[in-house]
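The values are calculated or read from the model by the stated rules, or taken from the named source; none is laboratory data. A quick note: this is a predicted structure, and the numbers were derived from the prediction, not measured. Methodologically, a virtual Cβ is constructed for each residue, glycine included, from the backbone with ideal geometry; neighbour enumeration extends over all protein chains shown.
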Amino acid sequence: MNAPHRLLLALPVICFTLLFCEQAFTQDDPLNVVVILSDDQAWTDYSFMGHPHIQTPNLDRLAKESLTFTRGYSPVSLCRPSLATIISGLYPHQHGIVGNDPPWPGMQNGDRRPAHNQPAYVQNRMDYLQHVDKLDCHPELLAPHGYRSLQTGKWWEGKPSRAGFTDAMTHADFTRDGRHGDDGLKIGREGMKVIDDFLADTQSKKQPFYLWYAPFLPHTPHNPPERLLAKYRDKTDSLPMAKYWAMCEWFDETCGELLGLLDKHSLAENTLVVYVTDNGWINQTNASRYAPRSKRSPNEGGTRTPIMYRLPGVIEPRMDTTNLASTIDVVPTTQKLLGFEVPEGLPGIDVLDSDELELRDAIYGEIFEHDIQSMDDPSPSLQYRWVIQGDYKLIDPSKRMSDKSPELYNIVKDPQENQNLADQQPEKVETLQSLLDEWYSPDSA
């Protein structure tokens, strides 16, 4: 056989060898992590979750490509403690960050909260950062493995470097406009260049990365581009509702831009994408404000969120409508997928492990005051504890909520929580209250 023929016969073997080597090299590369956080969005307000008007084509695609839990939850329905849970893997009563704004002198006497940049109150806000300083936040866990980490968007805990971020948009100068993100809140609303540049830089230096994308979307101010608002004006008699729907689509567009940047930099195949919402939102019809039983409440409208995990070729895409997932699972799930140690004491599970999912009996949550009642004790701020076991959800008010009674719902049959079953099923209430007491039972419960 002449040399050209031998070469032709050998080509398939050479190609297979090269392909195998390329796959092995890719598999040896550290995985990147992108966490996408919606800010104030109801669990129903996506096309893939069945909303009749809101269009979310990019998140629909992400859901289709992900392991998507439609029964996902945030343990708390307020942004600051919720974000602290996502980045630490701990419940608010564990990480200590239970509300948005710390106490101030005269608070118990009914004095109004001072300006955020008022010098004495700035010191209170700085003192409250003791809690994040005690945590092992996710960027800190990844740093020993060579990870760069970028903070964008919403952030409450002072300089992001306190949580281990190597790169950040937020300056966190409390004497200026630094409260919950300052310059970081421009991401999404004013473009994605910071992220584009970060991805280009990490790739040129061959550094794995962790990216926190928490835009101020669809959060108020509800000021969507007119091109989007025009799509919704004739779908409702409520202009505030139309604005909120348009904001959801605007947020979706920015998610599409972010996923497009992963494609642009050839990162999609080697990047875990996690999607959650900090808390829910039901828009009032007469104003751009949240309605009861949504944000800051223990109801589904406040705590429920779709949760997604995407890693092509590794995580099998499917829509899980049965199993319960929580934002406390993000850190342990990610750590195990990356092959890194999971810190002791984290209450979450690896949701990619079907055995762990099967063994999960219940998930838990807690609702606290917006304004923090104590610098170092969560219990004075506690309003509600809640638990879901199977089809049932118990909302249990704390002692400080003396005018409230326990509420029991079958949230599979009644996801809008219209029929309180507590009086009809006192045994179920007692059983679920016992679970809550085993989980977290402060004196104020």
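The table for this structure:
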| read-out | value |
| --- | --- |
| Check on K159, crowded, with 24+ Cβ neighbours inside 10 Å, basic (K, R), touching a strand residue (DSSP E or B) at 6+ places or on another chain (Cβ under 8 Å) and under 29 Å from N223 (Cα atoms) | no |
| Condition broken by G184, with the remaining ones in (1) of a type in the set (G, A, S); (2) without any contact (Cβ under 8 Å) to a residue 40 or more places away in the chain; (3) not in a helix (DSSP H, G or I) satisfied | (3) |
| Count of segment 207-237 residues which are surrounded by fewer than 17 Cβ atoms within 10 Å (Cβ to Cβ), more than 16 Å from W281 (Cα to Cα) and not charged (D, E, K, R) | 5 |
| Some residue of segment 373-384 being buried (at least 20 other Cβ atoms within 10 Å of the Cβ) and either among the small types (G, A, S) or touching a Leu at 6+ places or on another chain (Cβ under 7 Å) (or both) | yes |
| Number of the exception - K159 against (1) within 18 Å of the chain's Cα centre (by Cα); (2) within 21 Å of Q118 (Cβ to Cβ) | (1) |
| Residue within segment 166-179 that is part of a helix (DSSP H, G or I), surrounded by 22 or more Cβ atoms within 10 Å (Cβ to Cβ) and touching a strand residue (DSSP E or B) at 6+ places or on another chain (Cβ under 7 Å) present | no |
| Whichever residue in segment 379-404 is part of a loop (DSSP other than H, G, I, E, B) and of a type outside the set (D, E, K, R) and, among such residues, is nearest to Q433 (Cα to Cα) | S398 |
| Any pair with Cβ under 6 angstrom, 6 or more apart, that starts in segment 41-58 at a residue that is under 24 Å from S297 (Cβ atoms) and ends at one that is polar (S, T, N, Q) | Q41/T277; W43/T305; Y46/T56; H51/T44; T56/S47 |
| Complete set of residues in segment 405-445 that are assigned to a loop (DSSP other than H, G, I, E, B), of a type in the set (D, E) and at pLDDT 95 or above | D414, E417, D423 |
| Residue among R189, R176 that is modelled with pLDDT under 95 and either farther than 24 Å from L261 by Cβ or charged (D, E, K, R) (or both) | R176 |
| Given (1) under 18 Å from D39 (Cα atoms); (2) of a type in the set (K, R); (3) in a helix (DSSP H, G or I), index of the condition R162 fails | (1) |
| Hits in segment 143-174 (condition: of a type in the set (S, T, N, Q) and in contact with an Asp or Glu (Cβ under 6 Å, 6 or more places away or on another chain)) | T170 |
| Lone qualifier among S398, S381, S441 - being over 25 Å from the mean Cα position of the chain (by Cα), among the hydroxyl-bearing types (S, T, Y) and under 20 Å from Q108 (Cα atoms) | S398 |
| Residue within segment 143-154 that is modelled with pLDDT under 95, surrounded by fewer than 24 Cβ atoms within 10 Å (Cβ to Cβ), of a type outside the set (V, I, T) and more than 19 Å from E257 (Cβ to Cβ) present | no |
| Flag if K399 is exposed (fewer than 14 other Cβ atoms within 10 Å of the Cβ) and under 30 Å from D101 (Cβ atoms) | yes |
| Conditions (1) within 24 Å of W439 (Cα to Cα); (2) of a type outside the set (S, T, N, Q); (3) in contact (Cβ under 8 Å) with a residue 40 or more places away in the chain: number failed by L359 | (3) |
| Pick from segment 30-40, criterion closer than 19 Å to E257 by Cα and of a type outside the set (D, E), ranking: surrounded by the most Cβ atoms within 10 Å (Cβ to Cβ) | S38 |
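Conditions tested, residue by residue: (1) more than 19 Å from S297 (Cα to Cα); (2) in contact (Cβ under 8 Å) with a residue 40 or more places away in the chain; (3) of a type in the set (S, T, N, Q).
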{"position": "Y364", "(1), (2), (3)": "no, yes, no"}
{"position": "I372", "(1), (2), (3)": "no, yes, no"}
{"position": "N410", "(1), (2), (3)": "no, no, yes"}
{"position": "K413", "(1), (2), (3)": "yes, no, no"}
{"position": "N420", "(1), (2), (3)": "no, no, yes"}
{"position": "Q433", "(1), (2), (3)": "no, no, yes"}
{"position": "E438", "(1), (2), (3)": "yes, no, no"}
{"position": "S441", "(1), (2), (3)": "yes, no, yes"}
